Amino acid sequence: MQIINEEKIFADKIDEEIKIEPKDWMPDQYRKTLIRQISQHAHSEIVGMLPEANWITRAPTLRRKATLIAKVQDEAGHGLYLYSAAETLNISRDEMLKQLHSGKAKYSSIFNYPTLTWADMGAIGWLVDGAAIMNQVPLCRCSYGPYARAMIRICKEESFHQRQGFEILLTLSKGSKAQKQMAQDAINRWWWPSIMMFGPNDDASPHSKQSMEWKIKRFSNDELRQKFIDVCAEQVKILGLVLPDEKLKWNEETKHYDFGEINWEEFRNVVNGNGPCNKERLEARVKAHEDGAWVRDAAAAYSEKRKSREQKAVA
Amino acid sequence: MNALIDYTLHLADNALILGHRNSEWTGHGPILEQDIAISNIALDLIGQARNFYQYAARLINDSTLQGAKAPSPGGEGVGGEATEDTLAYLRDVKDFKNCLLVEQTNGDWAKTILRQFFFSAYQFYLYQHLQHSKDETLAAIAEKSLKEVTYHLRWSSEWVVRLGDGTEESNSRIKKAVDDLWVYTDELFEAASFELLATNEGIAVDLSLIKNNWLKKITDIFDEATLRFPSREGQAVRWNGKDGKHSEHLGYILAEMQFLQRAYPNNYW
Ligand SMILES: [Fe+2]
Ligand SMILES: [Fe+2]
């Protein structure tokens with residue numbers, strides 16, 4: 001009887017848009033889905049630091065250098081909020097990191113592409129942070145309280161990142177011929193992977209339906225993708241550049257942009273570990289973690305020593 | 001005038017190069033919280049460097065206007081005015097006036113921490129005096145930066161203690177860092193000719209005034225960390241970074257940092 005009651009309370013809360021909080025009863029599968037999604041999201045923030053950190057030491061001006069450090073640091077902060085949100089579901093950060101390092105947990109495939117030129121900092125901000133916002137704004141209303149609250153903080157910063165990225169591209173687009181080409185080349189390389197960030201088509205998306213019912217998700221992958229494409233197709237005009245899709249065309253009837261066929265085979269390949277930088281990204285994370293082990297041990301040992309000294313002093 | 005420009009560039013170069021080094025950690029720190037902390041210090045230092053460079057650029061442009069030859073141009077061969085970016089991105093190794101300490105490689109976390117601790121302790125006492133400099137701009141930058149540096153010093157001190165008094169491994173690693181870096185601390189207190197000149201004018205800080213404070217701070221923290229000073233004997237002769245005689249590391253830092261400005265000259269970024 002108890003369980004039925006709890007199930008009903010849970011379902012009512014979802015219906016009435018009342019947030020589910022850590023201490024509330026929740027279906028096992030709801031908890032699992034959230035852990036998978038939030039930890040995957042946290043990992044994406046952390047792995048996502050790497051392609052951009054790659055250009056910090058080569059940023060072309062002091063102002064750009066400072067902004068880029070601040071941006072990558074923001075992503076670390078996002079990782080922290082998200083790991084904390086996931087921890088409210090009874091999984092430790094250590095456990096989540098283990099899953100990342102072993103390859104069991106996934107992170108956003110977009111970060112398995114290389115950053116080759118400075119313009120990539122612009123393209124990532126504009127397109128990757130842009131797609132992230134499109135995905136994440138609805139998550140601010142997610143039914144799970146800690147996740148929704150983390151997303152509100154994160155989204156504010158992400159929209160800042162997106163504007164910065166666009167501004168980098170805008171500056172390049174008004175610059176020399178080489179700079180303009182650099183910007184176009186970056187857009188060419190980042191466009192398709194960015195629109196893949198919304199995940200498989202709705203009919204091929206395994207977890208979507210249940211997530212919508214639980215109000216973890218509010219819009220389908222395809223709805224969000226279309227919205228993103230509509231926005232970018234307009235913004236790219238301001239840059240005087242183009243999106244690399246010959247089929248991209250405004251459709252008067254649907255009031256949306258039509259677009260070309262997404263290469264889902266590439267998507268699956270990258271998800272399954274065969275992207276250009278999967279190996280490098282994971283190795284870099286594992287290396288940072290392993291090289292840091294003695295540091296974490298030292299900090300733990302020292303705080304133990306201190307505690308026992310303080311206890312002795314008290315006694 | 002030239003001494004003031006050189007001194008300002010020296011302060012800027014110190015902050016930039018250490019900030020650059022610290023930023024190499026971003027994304028690779030031993031734990032997320034400390035990744036953020038070291039990146040934060042990088043940001044603070046780069047912010048300080050920008051203030052100093054902007055001032056140096058103003059001084060250089062003014063003195064060029066008055067027909068004097070700018071001493072460390074940064075604008076030379078480039079044409080146009082000096083800016084924070086021409087100074088950071090278009091000078092070569094011999095023109096950089098930073099101490100050798102800040103250009104040393106990051107090594108492990110222990111070496112990075114100790115380098116920061118030595119430097120932050122130095123900067124802390126330096127800025128305390130510099131905020132009373134006759135030069136109002138330098139005084140204002142020092143005063144504004146002191147809050148940041150106070151935090152850097154506290155943070156790095158805590159880590160020195162933690163590593164020194166942590167595990168056997170951390171203790172031996174920080175000891176090795178002391179052995180590696182101690183030799184670079186003398187230079188902090190040996191005034192270069194432009195420093196002497198600027199000190200006489202009441203602009204620069206008299207380094208003999210801060211050396212003892214610095215040494216006392218190091219001693220106190222080392223005591224807490226169960227660390228000892230290495231012996232001076234048998235230590236190699238080092239050149240003087242402030243006079244442009246650097247270690248081989250600086251060339252690689254600049255090659256990386258200046259790449260875009262060199263490969264695509266005269267562009268706006
Ligand atoms: Fe983020
Ligand atoms: Fe972001």
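Structural remarks
- The range A:221-257 versus the range A:55-133: alpha-carbon centroid distance in Å: 26
- Backbone phi angles across the range B:184-201, fed through the Karplus curve with coefficients 6.51, -1.76 and 1.60 (θ = phi - 60°), yield HN-Hα couplings of 8, 7, 4, 4, 4, 10, 9, 5, 6, 4, 5, 5, 4, 4, 5, 5, 4, 7 Hz in residue order; Gly and Pro are listed as x.
- The C-alpha atoms of chain B define a longest principal axis, and helix B:208-224 lies at about 30 degrees to it.
- Nearest-0.05 FRET efficiency for A:E16 and B:N61, computed from C-beta distance (R0 51 Å): 0.20
- Length released on extending from A:M212 to A:I152, taking residue separation times 0.36 nm less the Cα-Cα span: 19.7 nm
- Among the chymotrypsin sites (Phe, Trp or Tyr not before Pro) in the range B:149-240, those located in a DSSP loop and surrounded by at most 16 other Cβ atoms within 10 Å of their own Cβ are B:W239.
- Rounded to 10°, Cα long-axis angle of helix B:168-181 versus longest principal axis of chain B: 40
- With the convex hull constructed from alpha-carbon coordinates only, the protein assembly as shown shows a mean projected area of 32.5 nm² over all directions.
- Longest segment of chain A lacking trypsin sites (Lys or Arg not before Pro) that sit in a DSSP loop with at most 13 other Cβ atoms within 10 Å: A:24-103
- Annotation for the range A:262-306 versus the range A:1-34: alpha-carbon center distance of 33 Å.
- The calculated FRET efficiency for B:R238 paired with A:K98, based on their beta-carbon distance and R0 = 45 Å, is about 0.50.
- Average Cα contact separation per residue, chain B, under 8 Å, 6 or more apart, as relative contact order %: 23
- For the range B:84-154, the list of trypsin sites (Lys or Arg not before Pro) that fall in a loop by DSSP and count at most 15 other C-beta atoms within 10 angstrom reads B:K134.
- Once Rg and the Kirkwood radius are both taken over the C-alpha atoms of the range B:140-269, their ratio Rg/Rh works out to 1.03.
- The range B:2-263: mean projected area of Cα convex hull, nm²: 13.8
- Each Cα pair under 8 Å and six or more residues apart adds its sequence gap; the mean of these over the residue count of chain A is a relative contact order of 18 percent.
- Summed over qualifying helices (DSSP H, 4 residues or more, each -39500 (n - 2.57)) and divided by its residue number, chain A shows a 222 nm mean residue ellipticity of -21000 deg cm²/dmol.
- Less than 5 angstrom separates the built amide H of A:H256 from those of A:N251, all sequence-distant by 5 or more or on a different chain.
- Residues whose amide H comes within less than 5 Å of that of A:Y144, counting only those at least five positions distant or on another chain, are A:I20 (H built at 1.01 Å from N in the peptide plane).
- Protein heavy-atom surface of the range A:114-239, 1.4 angstrom probe: 59% of the accessible area is carbon and sulfur, with nucleic acids and ligands not counted.
The values are calculated or read from the model by the stated rules, or taken from the named source; none is laboratory data. In this text, all values refer to a predicted model and were calculated from it rather than measured experimentally. Because the Cβ atoms are built from the backbone with ideal geometry, glycine has one as well, and the counts that use them run over all protein chains shown. For accessibility, only protein heavy atoms count, side chains too; no ligands or nucleic acids. Shrake-Rupley method; radii C 1.70, N 1.55, O 1.52, S 1.80 Å.
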